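*Asks:* Below is a structure I'd like to ask you about.
Here, each number is a calculation from the coordinates, and none is a lab measurement. The structure presented is a predicted model; accordingly, all values stated were derived computationally and were not measured. Ideal geometry is used to build each Cβ from the backbone, glycine not excepted, and the neighbour counts take in all protein chains shown.
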Amino acid sequence: MTVAAFAAALLVTASTTTATPAPAQAPPAPTLRSLGDAAGLRVGATLEPGQIGSTHSEVLAREFSSVTAENAMKWYTIQPERGRFEFAAGDAVLAFAEANGQEVRGHNLLWAQDQFTPAWVRAITDPDELRAVVHDHIDAVLGHYRGRIQRWDVVNEPLETLGTGPSDSVFRRVLGPGWLAEVLRYAHEVDPEIEIWLNEYGTDWVPGKHQAFLAVVRDLLDADVPLDGVGLQTHRLSPDGPDRATFARQLADHAALGLRIALTEVDVATAPGDPEGPADQAEAYRTIVATCLAQPACEEVTTWGISDADTWLDGQGILPAPTRPLLFDEAYAPKPAYDAVAAELAAGRPTGGPTSTTTAASTTTTTTTTALGAPPATPVAGAPSYSG
Ligand code: XIL
């Protein structure tokens, strides 16, 4: 008997002696990642290097297709002192994402808020010197990640947090109002392959901020400044947000300019002890995700964290803690908000345009005036303490 015939005989024996067929394997449960892939939407979350190897990173690999470094690629981590470049934290985040077949959103090259810009940069008053320092930083970061990170929030938060004017950053003070266009052009010049994004806070609920941000991007496009997309952070300080139609119109305004859209930092805070909190939050998440799915230009929904145990909000003193703003509870169990997001992803992108059968969130637009929090306790540390 040849080896092949022997093997075939064995197989026959095996199959004929098996009394009952093995029970069919249950199909793997869908994840946000698999549902997002099917719907054509990146679903992301944040990562700190210290979270690699924890439940956080397990859930991140399973449930999410995109990763944003919560702090590891920011200026205060990468170049805490002039000329001292620290890529280890960012590299760890990138290596994790690559190992898990995930995309990385580069966040961010410049943050137009002084409290998040290292003191040594803030101290510069000479435009030529600041320009050289900005160029060095962009050269170093884009050079280091060339070919591995395509999508960059080149400038974060060009507008003031709770107003409609430009943020008062060292970049604007020293380089002048043209600094934004100048920096976007420079990043494109350094690596023409990257996607150039602007990322902004609170455009969905700070009064007048959507129109102000739209005017900024329109001016940039009119001046032929390279700009591929807008990141709308979508941090909600309560489940009350713009209603579905208002949010959809905001996305449509950017799409009409030919821009791509990502919801880059979604979280929905709840009031401690509010019995309606989890349900209201689920509806807010449902509306956010459904609105993105209904807008063909909207390609990503990233949540700013995974577990309620690790939210930046509770570390900043902005709102009474615990705010429980994320999709998973402190023990990494999926919350009603998770189910709402999964259901919307499973329904996919509607063919009939930006209206669907889903419930809209509250129609009130919050006018909360709480200021955004303080800078990280140790601005030069890659991983702030709250994330463990
Ligand atoms: C936050 C991080 O979550 C904190 O750990 C850090 O102390 C400060 O920055 N808008 C942004 C994010 O664009 O980068 C911020 O992340 C949250 C607000």
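*Asks:* Out of the stretch 160-207, which GluC sites (Glu not before Pro) are coil in DSSP terms and have no more than 15 other C-beta atoms within 10 Å?
*Replies:* 193
*Asks:* Please work out whether the stretch 117-229 counts as rounded, prolate or oblate from its C-alpha gyration tensor, where a ≥ b ≥ c are the square roots of the eigenvalues and a/c under 1.5 means rounded, while otherwise a/b larger than b/c means prolate and anything else oblate?
*Replies:* Taking the square roots of the gyration eigenvalues as a ≥ b ≥ c, the stretch 117-229 is oblate.
*Asks:* Kindly write out, for the stretch 335-346 in residue order, the coupling ³J(HN,Hα) from the Karplus curve 6.51 cos²θ - 1.76 cosθ + 1.60 (θ = phi - 60°), rounded to whole Hz, with x marking Gly and Pro.
*Replies:* Along the stretch 335-346, the couplings run 9, x, 4, 4, 4, 5, 5, 4, 5, 5, 5, 5 Hz.
*Asks:* What is the extension gain from residue 86 to residue 321, computed as 0.36 nm multiplied by their sequence separation minus the C-alpha to C-alpha distance, in nm to one decimal?
*Replies:* 81.3 nm
*Asks:* On to the next question. Just order 128-139, 102-113 by mean Cβ neighbour count inside 10 Å, highest at the front, would you?
*Replies:* Those peptides, ordered most packed to least, come out 102-113, 128-139.
*Asks:* To continue, here is another question. Give me 162, 41, 35 sorted ascending by neighbouring Cβ count inside 10 Å, so fewest comes first.
*Replies:* 162, 35, 41
*Asks:* Moving on to the next point. Please give the residues of the stretch 35-60, grouped as numeric ranges, whose backbone N is less than 12 Å from a label point set 7 Å along the Cα-to-Cβ vector of residue 332.
*Replies:* Output list for this probe position: 51-60.
*Asks:* I need the phi-derived Karplus couplings for the stretch 177-184: 6.51 cos²θ - 1.76 cosθ + 1.60, θ = phi - 60°, integer Hz, Gly and Pro marked x.
*Replies:* Residue by residue, the stretch 177-184 yields x, x, 4, 5, 4, 4, 5, 5 Hz.
*Asks:* Next up: If I take the Cα coordinates of the stretch 144-203 and project them onto the principal axes, what are the three extents in Å, biggest first?
*Replies:* Largest first, the stretch 144-203 extends 36, 25, 15 Å along its Cα principal axes.
*Asks:* Distance in nm between label sites at residue 245 and residue 148, each 7 Å beyond Cα in the beta-carbon direction?
*Replies:* 4.8 nm
*Asks:* Would you mind checking which residues have amide H under 5 Å from residue 86's amide H? H placed 1.01 Å from N; only 5 or more apart, or other chain.
*Replies:* 79
*Asks:* Would you please state which residues of the stretch 189-217 a label at residue 257 would reach in this model, taking the label point 7 Å out along Cα→Cβ and a backbone N cut-off of under 19 Å?
*Replies:* Residues passing the 19 Å test: 195-217.
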